[in-house]
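Notes to accompany the following structure.
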Amino acid sequence: MTDLIVAGGTVVTADRSFAADVAISQGRISSVGEALAGAHPDIPALDATGLLVLPGCVDVHTHTRLPTDDEADRFFQDSVAAAFGGTTTFLAFNNPGTGISEEGSSSLLAGMREFRARTAGESAVDFGLSAVLTGQQPDPVAELPDLIAAGVPTAKAFMIYDFRLTDERLFAALRAMGRHGGMLQVHCENATIIDALVAEALDRGDVAGRHHAPSRPTYAEAEATHRAIALARAADASVYVVHLSCADALAEVLAAKARGWPVYAETCPHYLAFTDARYGHPDEAEVIKSVISPPFRSDADRQALWLGLGAGGLDLVATDHVPDRLAVEKQMPAPPFPQISNGAPGIETLLSVVYSEGVATGRISIERMVDLLATTPARLFGLGSKGAVERGMDADLVLFDPTTHRTLSQSDLHHTSDFTPYEGMAASGAVRSVLVRGQMVVQDGVFFGRRGAGGFVERALSPVSRS
Ligand SMILES: [Zn+2]
């Protein structure tokens, strides 16, 4: 029994684009084919004439905030923002900055239970958890098998910051992930180099935001990327490099891939759109919006990332969404640069930025974009029913109008940040309708979804991301 037919659009998969109708039954895609609507005039149809029918984006890197008594709506509201942007599934990290309790951050399993309890009934789109291993947890590696078995097979570890893992513990975490069907995501920056350069900058009195980028050079990212890959190799495990920002680090990933090692890497929209020229802005209030780690890089790095996305050195794009606010976390006057809150919002602008900067400019094909934003993230992160417009998959669909042009602006966004780094950027295309498991969530700029309609997705990795 078909509930709805998306009719007259152009379906885009990771391989091809073709005119087809999409029939939906009980939240799943029951058929993709020609003239389905014409053959069933009795079934309600959603007109997609002139529109692209894309699988909903799968954003595997966000730091959405947990609801609190004071700010009860933040998780829900950022899930609404995701929907407006064409993201139908997101993965959240529950690191301490997201509002998890001290108890929840002291143990992976306690953190997972708390995350699930506090996000239940909150989200407008589907979502999942990626855990965070820290040096403060007594024994996170011992908890990994149970975490993976409970539907959270991915977790992030840091090689930088005071909560980083030692190499010894990073190796143990990689080995446990490899043995039990998980995948470790690693923030790769060399702590010794960066700590020294930051200390030297502060000693010189170089405290302004513009000193953020020079204290985190590309070779520090590349060295740590190389080391993480070597540790994974020794542990006989896969490894996933988060927010890769530069050509030097990409070269390490390419070398590993050329050897056939299970090494994966993401980059983020801000590294594809911006360069370190942003740190030269005379107004410190502008500079702190761009304080993100790794920092924005040179234009040559930016071009290299686009080449990497096109040629396969980079596997996907995710946002690293941090809903910081200029009125709260990034307040002026700014503290010395090492204390500026790191991060910027992006949960709502993923598809806009990658389509505008990638597809509309001819850097990547629309099919490659679908692969990078939906198909590969779903496959690598164990979301087996997501990421493709195919029979049997969840009917998570975005109807996208490729012909319009608009200007990105905070005033049009729905996220819980109070700024967007893309303010004033010319964008091509626009999201018209978004369906999650066949239910209309956004249509023509209006939210039709429901708080709690999105569910927590328990994940299991397929062997492709494991070995
Ligand atoms: Zn992050």
Sort out which residues of region 126-163 are open to solvent by less than 10 Å² (accessible area, probe 1.4 Å), of a type in the set (A, V, I, L, M, F, W, C), more than 30 Å from Val434 (Cα to Cα) and more than 16 Å from the ligand (Cβ to nearest atom), and write them in order of number.
Leu144, Leu147
Mind checking which residues of region 211-242 are among the aromatic types (Phe, Trp, Tyr) and either in contact with a Phe, Trp or Tyr (Cβ under 9 Å, 6 or more places away or on another chain) or within 16 Å of the ligand (Cβ to nearest atom) (or both)?
Tyr240
Within region 311-347, residues aliphatic (A, V, I, L, M), in contact with a Gly (Cβ under 8 Å, 6 or more places away or on another chain) and over 24 Å from Asp412 (Cα atoms) come out as Leu314, Ala334, Ile340
Test for Val370: is it surrounded by 24 or more Cβ atoms within 10 Å (Cβ to Cβ) and of a type in the set (Val, Ile, Thr)
yes
If a residue has to be within 15 Å of the ligand (Cβ to nearest atom) and not in a helix (DSSP H, G or I) to count, how many in region 83-98 make the cut?
6
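Inspect all residues belonging to region 393-411 and state whether any of them is assigned to a loop (DSSP other than H, G, I, E, B) and open to solvent by 50 Å² or more (accessible area, probe 1.4 Å). Spell out how you get there, then give the answer.
The initial filter retains those residues of region 393-411 that are assigned to a loop (DSSP other than H, G, I, E, B), namely 393, 395-396, 408-409.
Still in the running and open to solvent by 50 Å² or more (accessible area, probe 1.4 Å): none.
Within region 393-411, not a single residue is assigned to a loop (DSSP other than H, G, I, E, B) and open to solvent by 50 Å² or more (accessible area, probe 1.4 Å).
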Can you tell me which residue is farthest from Gln185 (Cα to Cα) among those in region 87-114 that are buried (at least 24 other Cβ atoms within 10 Å of the Cβ) and more than 15 Å from the chain's Cα centre (by Cα)?
Gly111
Look at region 317-367 and say how many of its residues are within 16 Å of the ligand (Cβ to nearest atom), farther than 23 Å from Asp73 by Cβ and open to solvent by 50 Å² or more (accessible area, probe 1.4 Å).
1
Would you please list the contacts, defined by Cβ atoms under 6 Å and residues six or more apart or on different chains, that run from a residue in region 412-441 that is closer than 21 Å to Asp320 by Cα to a residue that is among the basic types (Lys, Arg) and modelled with pLDDT of 95 or more?
Thr416/Arg74; Ser417/Arg325; Asp418/Arg325; Pro421/Lys289; Ala427/Arg406
Determine whether region 49-64 contains at least one residue that is in contact with a Leu (Cβ under 8 Å, 6 or more places away or on another chain) and in a loop (DSSP other than H, G, I, E, B).
yes
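Listed here are the residues, each with its yes/no results for (1) in contact with a helix residue (DSSP H, G or I) (Cβ under 9 Å, 6 or more places away or on another chain); (2) closer than 17 Å to Val389 by Cα; (3) away from the ligand (no atom under 16 Å from the Cβ).
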{"position": "Leu36", "(1), (2), (3)": "no, yes, yes"}
{"position": "His40", "(1), (2), (3)": "no, no, yes"}
{"position": "Ala48", "(1), (2), (3)": "no, yes, yes"}
{"position": "Leu54", "(1), (2), (3)": "yes, yes, yes"}
{"position": "Val60", "(1), (2), (3)": "yes, no, no"}
{"position": "Leu66", "(1), (2), (3)": "yes, no, no"}
{"position": "Phe75", "(1), (2), (3)": "yes, no, yes"}
{"position": "Ala81", "(1), (2), (3)": "no, no, yes"}
Checking Gly260 against (1) in a loop (DSSP other than H, G, I, E, B); (2) in contact (Cβ under 8 Å) with a residue 12 or more places away in the chain; (3) more than 16 Å from the ligand (Cβ to nearest atom), the condition it does not meet
(2)
Flagged in region 182-222 as within 20 Å of Val287 (Cα to Cα), open to solvent by 10 Å² or more (accessible area, probe 1.4 Å) and assigned to a loop (DSSP other than H, G, I, E, B), in numbering order, are Arg204, Gly205, Asp206, Val207, Ala208, Ala213, Pro214, Arg216, Pro217
Of (1) hydrophobic (A, V, I, L, M, F, W, C); (2) closer than 23 Å to Asp276 by Cβ; (3) modelled with pLDDT under 95, Leu350 fails just (3)
Restricting the first residue to region 345-363 and requiring it to be acidic (Asp, Glu), which pairs with a second residue that is surrounded by 21 or more Cβ atoms within 10 Å (Cβ to Cβ) and part of a loop (DSSP other than H, G, I, E, B) meet a Cβ separation below 6 Å and a spacing of at least six or different chains?
Glu348/Leu413; Glu348/His415
Cβ contacts < 6 Å: first residue more than 16 Å from the ligand (Cβ to nearest atom), restricted to region 183-196; second residue open to solvent by less than 20 Å² (accessible area, probe 1.4 Å) and assigned to a helix (DSSP H, G or I), any location; separation 6+ or different chain. Result?
Asn190/Ala220; Asn190/Ala224; Ile193/Ala220; Ile194/Ala220
Cβ-Cβ under 9 Å, sequence separation 6+ or interchain: first residue in region 62-83 and farther than 18 Å from Gly128 by Cα, partner within 16 Å of the ligand (Cβ to nearest atom). Which pairs?
Thr68/Gly99; Glu71/Arg65; Glu71/Gly99
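The values are calculated or read from the model by the stated rules, or taken from the named source; none is laboratory data. Every value quoted in this text rests on a predicted model; they were computed, and no experiment measured them. Note that each Cβ is placed from the backbone with ideal geometry, even for glycine, and that neighbours are counted across all protein chains shown. Note: areas computed on protein heavy atoms with side chains; ligands, DNA, RNA excluded. Shrake-Rupley method; radii C 1.70, N 1.55, O 1.52, S 1.80 Å.
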